[in-house]
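Inspection log for the structure reproduced underneath, given as structure tokens.
Computed from the coordinates by the stated procedures, all read-outs in this text should not be read as laboratory data. Bear in mind the structure is a predicted one, so any value in this text is a computation, not a measurement. With ideal geometry, Cβ positions are generated from the backbone for all residues, glycine too; neighbour counts draw on all protein chains shown.
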Amino acid sequence: MKSRNKPLGWMALAITGFIGVCSPASAAGALRVIDGDTIVLNEVTIRLNGIDAPEAGQTCASAQGGDWPCGKTAIAAMERMVTSGNVVCDNRGTEIYGRQLGVCRVGDREINAEMVASGNAWAFRKYSTDYIAVEDKAHAAHLGIWQAATMPAWEYRAETWHLAEQLAPKGCPIKGNISENGHIYHAPWSPWYERTKVDLKKGERWFCDEAEALQAGWRAPQWGH
């Protein structure tokens, strides 16, 4: 899950240095894909700096009419890149939910840039100008999310959040679920949100934002394989 809520977004607090290296082939479990702009590398959650990918359950408009699963497609694109070689991420600081911001690479390929270049993520212009030129080229070529007019991820989150908070207890729409997979929270844009029930007797609970859920020991869902 990403660093976004209500929508609070994310911000870098400090710039430090190198964060880690992982070979997916030799370090089983050391790298996991959360979604199209977030990975876990050596148990550190890294939000790719300067980009915003479609949410896992989000669909985008198709050039032929109708919709296509842009969120799942972005996750698949991320998985292909991070499993193609050693992943190296720098450390651009910490966002407001405690996750690292970083630029990640596989060999000489920059993952952040390629996600935008392939039409699998937007340049997060509100927070960074790094990928505007890359996005402009993808837009001109009508790649991926640019094949037809579609709602960007930050607007999608804001809309689904607004609708969910109208129905949630005390306006706190994040669902904290407990299962065999652990303590997992689902924001309103989660594909499993509607079918996730909160059983207070089991210790499950509602959260008002992602920071609260993380501090209480819940984690975001993992949509990658």
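Lys pairs in the chain, Cα-Cα under 29 Å, at least 8 apart or on separate chains: how many?
For the chain, the number of qualifying lysine pairs is 27.
Multiply the residue gap between Ile132 and Gln166 by 0.36 nm, knock off their C-alpha separation, and tell me the result in nm, one decimal place. Provide the component values of the computation, followed by the final result.
Working: separation 34, 0.36 × 34 = 12.24 nm, distance 3.49 nm.
Separation in residues times 0.36 nm, less the Cα-Cα distance, equals 8.7 nm.
How large is the convex hull of the C-alpha atoms of the chain per residue, in Å³?
Normalising the Cα hull of the chain by residue number yields 122 Å³.
Under 14 Å from the Cβ of Ile178, count the other residues' Cβ atoms, weight Lys and Arg +1, Asp and Glu -1, and hand me the total.
Residues near Ile178 contribute +3 overall.
Extending each Cα 7 Å along its Cβ direction at Ala140 and Glu180, get the distance between those two points in nm, one decimal.
In this crude spin-label approximation the distance works out to 5.2 nm.
Within the set of other residues whose C-beta is less than 15 Å from the C-beta of His142, count the net charge using Lys and Arg as +1 and Asp and Glu as -1.
Value of the local net charge: -1.
Tally Lys/Arg at +1 and Asp/Glu at -1 over every other residue whose Cβ is under 12 Å from the Cβ of Ala213; what's the total?
Net of charged neighbours comes to -1.
Pop out the ³J(HN,Hα) list for region 152-168 in order, Karplus 6.51 cos²θ - 1.76 cosθ + 1.60 with θ = phi - 60°, rounded to Hz; leave Gly and Pro as x.
Couplings: x, 4, 5, 6, 4, 5, 4, 5, 5, 5, 4, 5, 5, 5, 5, 9, 7 Hz.
Taking R0 as 30 Å, what's the FRET efficiency between Ala63 and Asp108 from their Cβ-Cβ distance, rounded to 0.05?
On the way: r = 32 Å, r/R0 = 1.05.
Rounded to the nearest 0.05, the efficiency is 0.40.
Suppose a student asked you for the relative contact order of region 154-215, using Cα pairs under 8 Å spaced at least 6 residues apart; what percent would you report?
Relative contact order comes out at 34 percent.
At a 10 Å Cβ-Cβ cut-off, how would you order Lys170, Lys202, fewest neighbours first? If you can, show how the numbers build up before the last one.
Details: Lys170 8, Lys202 11.
Exposure proxy ranking, most exposed first: Lys170, Lys202.
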